[in-house]
Protein chains: 2
Amino acid sequence: MSSCLIEADGGGLVDLVVPETSRDGKIKEAELMPKIHLSKIDLEWVHVMSEGWASPLKGFMREEEYLQSLHFNSLRMKNGSLVNMSLPIVLAIDHRSKHTIGASTNVALLAPDDANIVAILRSIQIYKHNKQERIARTWGTTSPGLPYVDEVITPAGDWLIGGDLEVLQPVKYNDGLDHYRLSPQQLRHEFHLRQADAVFAFQLRNPLHNGHALLINHTRRTLLEMGYKNPLLLLHPLGGFTKADDIPLDVRMEQHIKVLEDGVLDPQTTIVAIFPSPMHYAGPTEVQWHAKARINAGANFYIVGRDPAGMGHPTEKRDLYDPDHGKKVLSMAPGLEKLNILPFRVAAYDTIAKKMAFFDPTRAQDFLFISGTKMRNYARNGENPPDGFMCPGGWEVLVTYYKSLQAQEAEPKAAVLTT
Amino acid sequence: MSSCLIEADGGGLVDLVVPETSRDGKIKEAELMPKIHLSKIDLEWVHVMSEGWASPLKGFMREEEYLQSLHFNSLRMKNGSLVNMSLPIVLAIDHRSKHTIGASTNVALLAPDDANIVAILRSIQIYKHNKQERIARTWGTTSPGLPYVDEVITPAGDWLIGGDLEVLQPVKYNDGLDHYRLSPQQLRHEFHLRQADAVFAFQLRNPLHNGHALLINHTRRTLLEMGYKNPLLLLHPLGGFTKADDIPLDVRMEQHIKVLEDGVLDPQTTIVAIFPSPMHYAGPTEVQWHAKARINAGANFYIVGRDPAGMGHPTEKRDLYDPDHGKKVLSMAPGLEKLNILPFRVAAYDTIAKKMAFFDPTRAQDFLFISGTKMRNYARNGENPPDGFMCPGGWEVLVTYYKSLQAQEAEPKAAVLTT
C-alpha cells in the first residue's frame, strides 16, 4: 500500500491513551491535581488527539504551536519539515481556573458531566486567549453568527492552556454509534486487511445523494484506470459538533447505511466510519485539517468539492468563502505536498436522463441544481425530490427525521396552548 | 561575507526595471494598452518590487500567490522550497477598470499624477478582492481605524489584478532624499566595498533616541565577541506610507543624520538608507516582511523589538498585538529559518545614572519608560526630555518640527477669525 502518512517525530502516529496497566495509578495521581472542566466539544478534541488524527500534536497547543497554526497553518518539526495544522486545537480556561491552577505543572481534565477524570494535561503552559485575533485569522471574518465561534469561543475563558495529553481511557459516546468510530490505527489495519492499494477519503456532513455516488464511483473507476487494483472508499462523515440546522449524526448514519444497502455504493469497496472532529465551518482553513486528518488515517487520495467546509456568510448575502478557494488553498498547503487531491466534478440533476449526472455546460438548461437547503425543504415539506436524486430508502430516513422534528416543534406549542 | 539571501528562481534578486535601450519601445507599446491609475501607495509597491525587496515576487500577486501569502505567509517555489511573503502585495481595480481591460493580457500603469506610464503589467490575472477576508487574515481584526485599511483598502476596488511587472524607469520621489533610497543591489555592493562580514539591520519609523543607540552599540559589541571582524549597521528607516501622527520621513531623516553627526552612532560602521515600503501596522504579520526584505538587501542579522510593527488597538484600550508575538512569530516563520534574530533588550531612562540603560528589574523604581507618545508630547509642548534621552541636535529637529506643525495649525484658525 503506497500511503503518504505524516509521521510523528518517533515515526508512527501518536497514541495518547495510557495503557490499562498504568491507568489506576494515573487516576490516583490525577485526583490530586487541579481540575479543569471540559465542555462537550473540548472532549471531542481530546478524542481527536487521543487517537492520533492530529498527530504529531501531543496535546492541546502551547503558544508556539498556536501561533504557528494561526499564522502559517503548519508546524515545524525538529528535523525542519513542516506538518499541516490549520486549526488551532486549544483549551480555554477562565481567570478562576487559572487562579486555581496556580503554579501546578499538571492538571486533570474532567468529563463534561464531571463524573470522571478523562485525562491529564502535563507540563502545562497558560497564555492569553485573544479571541478576536483567533477568529479573524481562522475564519477571515469577525462577523457575528459563526456557529463554532458562538458555541465555543465567545463563551470561553480568556486564557488558553496547552500541554501533553495523557488520556486515561478511550473516549466513548454510548450512542449506539461507537463501533463506527474507528481510530486512524484501526482504519489503517482495516485497509491492510482488505489489501487496499489506494484509499480515497470522502468527507461529508450531509446526507449522501446520487450525485455524490456518481462522483465516488467515477473516482473509483479513475483509480482503476490509473493502475490501482483495489481502491477503497473511506466514507467518512463528520461526527463532532455541527450547526443547529445540519442533520444530526444518527440520522445521517442511518441514511448512509441505507444508501449502501440499496446498492448505490458498493459495500465491498467501502468503509463507513465516523470522523470525530467538531466542525468549524472555516472553509479553506478547515479543509486542510479535514485532509490532513484523513492522511493520518491512511488515506492517500482526498476528494475536494466546491466550497468545502463553507457556509453562507452569517450577515451578508453571499458565500462566506470563494467556492474555489478551498481546492486552491488545499493544493498549495504546506505539509500536504504529497496529498493526491481529486477534484470534485459538479453533478446536477439531468432532467432529460432523469438522474444525477455530471453537469454539461453545453446543455445547461437541462440541469437542475438541488442544494442542501432545497433538499432539506423537500424533506421538510414531505415532497419527493425528482426521481433518481436519492435512493428511496435513504430519502425515507430524511422524511422521517423531519416529521419527527415537526412533531417535537408542535409539542411545546401545544403545551403553551393548554396552560 | 556570509549572508543568507533568499534566492530567486534563477539565483540572485529579481530586477524589474527594463534596460534603457529597450525603454522607448516599451513605452510605445504601453501607450496602446489599457491604463490603470496607480495611487501614491501603489507606486511605493511598484518601487519596492522593482528593486527586488520582495524578490522572488515578479509583480503584483496573482491569486495563487495572494492565497499563499494570506493563508501561509509564504510562497512555494518550483523547487519545493518556501520563501517568506507575509503581506499580500496586490493592486486593486474597480469594476470600470476591469471592464476597460476586457480581454487584454497586458496593461499600462500610470503614475499617480497621470503624467507618464510607470510600468507594464503583463500576463495579467484579475480576481476578486474580498476586503473583509484580506483584512481579517492580515491584521487579525476587522476593527475600523486601521491606518493602511482606511487609506488603501476601504477605498479600493473590488478586484485585484496580478501579473509580471516591467518598470519603465526607476521610481524617484524628487524630495531631496532619493540618494538615501539605495536598492538591495546597491546596499549589497556597499557592504561588499566596506568589507562587512556581518550586517545587522535596524528597522525604524520613529526618531532614534539613546536607548536605540545603546542597543545598536551593544549589538555591535556582541557581534565582535562572536568573532565578526567588521559588523556594519544598516540603519533603515521606513520611507513609505505611515499613519498621520507618525513623524514624516524628511524630519526623521534629519534627526537620524544629527544623531550620527553628534557621534551617538559611529558613521564609520553605519549605513543610513531608506526602506521604500509602506507601513501596514500589522504586527507579527508585517515584521516578517520587514525582516525578509532586509535579508534580500544582504543583512544577515535582524534586531527585533517589543511589539514590532504594532500599534494601539484602534477601538479597544489595549495593544492590538501581544507585544511578544512579533518576535515569536518571526523566529518560527517559514522561509526565514536562516535569519539570525537579535532580541531587543529593553532600554529605559535610568534616573540615577541619568542616561538610557538596559532595564534592571531589581531596581525597577529607578527607571523611567519614555514611550513614543510621551516623547512626542515633550517635543510638542517644547519641554526637554530628561538629560541623556536623546542627543541635543536630534532633539532640536523634533522640537522645530512640532513648532512648525503648531504654526500650520494656527494659520487656518487665524484665517477663519479674519474673514
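In table form, for the structure just shown:
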quantity: All positions within segment A:76-95 that are touching a residue at least 40 places away in the same chain (Cβ under 8 Å), within 14 Å of chain B (Cβ to nearest Cβ) and not in a loop (DSSP other than H, G, I, E, B); calculated: A:82, A:83, A:84
quantity: Strands (runs of 3 or more DSSP E) wholly inside segment B:149-249 containing at least 1 residues that are under 30 Å from residue B:105 (Cβ atoms); calculated: B:159-167
quantity: Residue within segment A:256-265 that is assigned by TED's automatic domain parsing to the domain that holds residue A:377 and either acidic (Asp, Glu) or touching a Ser or Thr at 6+ places or on another chain (Cβ under 6 Å) (or both) present; calculated: yes
quantity: Residue within segment B:56-68 that is surrounded by fewer than 19 Cβ atoms within 10 Å (Cβ to Cβ) and within 13 Å of chain A (Cβ to nearest Cβ) present; calculated: yes
quantity: Checklist (1) away from chain A (no Cβ under 14 Å); (2) without any contact (Cβ under 8 Å) to a residue 40 or more places away in the chain; (3) of a type in the set (Asp, Glu) applied to residue B:42, failing item; calculated: (2)
quantity: Near pairs, Cβ below 6 angstrom, 6+ apart or cross-chain, from segment B:181-199 (crowded, with 16+ Cβ neighbours inside 10 Å) to any residue that is assigned to a helix (DSSP H, G or I); calculated: B:184/B:296; B:198/B:223; B:199/B:191
quantity: Restricting segment A:100-135 to residues that are β-branched (Val, Ile, Thr) and within 30 Å of residue B:143 (Cα to Cα), the residue that is farthest from the other protein chains (Cβ to nearest Cβ); calculated: A:126
quantity: Given (1) surrounded by fewer than 17 Cβ atoms within 10 Å (Cβ to Cβ); (2) at pLDDT 90 or above, number of the condition residue B:405 does not satisfy; calculated: (2)
quantity: Segment B:313-355 - residue that is more than 10 Å from chain A (Cβ to nearest Cβ) and among the hydroxyl-bearing types (Ser, Thr, Tyr) and, of those, nearest to residue A:134 (Cα to Cα); calculated: B:315
quantity: Where residue B:358 falls short, out of the listed (1) surrounded by fewer than 18 Cβ atoms within 10 Å (Cβ to Cβ); (2) within 30 Å of residue B:230 (Cβ to Cβ); (3) more than 14 Å from chain A (Cβ to nearest Cβ); (4) out of contact with any strand residue (DSSP E or B) (no Cβ under 8 Å at 6 or more places or on another chain); calculated: (4)
quantity: Selected residue (only one of A:311, A:390, A:332, A:356 is in contact (Cβ under 8 Å) with a residue 60 or more places away in the chain and within 22 Å of the chain's Cα centre (by Cα)); calculated: A:311
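Results for (1) crowded, with 17+ Cβ neighbours inside 10 Å; (2) of a type outside the set (S, T, N, Q); (3) touching a strand residue (DSSP E or B) at 6+ places or on another chain (Cβ under 6 Å), shown as yes or no for each residue.
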{"site": "B:264", "(1), (2), (3)": "yes, yes, no"}
{"site": "B:269", "(1), (2), (3)": "no, no, yes"}
{"site": "B:325", "(1), (2), (3)": "yes, yes, no"}
{"site": "B:330", "(1), (2), (3)": "yes, yes, yes"}
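Condition check ((1) within 19 Å of residue A:124 (Cα to Cα); (2) under 29 Å from the mean Cα position of the chain (by Cα); (3) surrounded by fewer than 22 Cβ atoms within 10 Å (Cβ to Cβ)) across all residues:
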| position | (1), (2), (3) |
| --- | --- |
| A:33 | yes, no, yes |
| A:45 | yes, yes, no |
| A:54 | yes, yes, no |
| A:87 | no, yes, no |
| A:112 | no, yes, yes |
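The values are calculated or read from the model by the stated rules, or taken from the named source; none is laboratory data. This structure is a prediction, so every number in the text was calculated from the model and none was measured. When we count neighbours, we look across all protein chains shown, and the Cβ atoms used for this are built from the backbone with ideal geometry, even at glycine.
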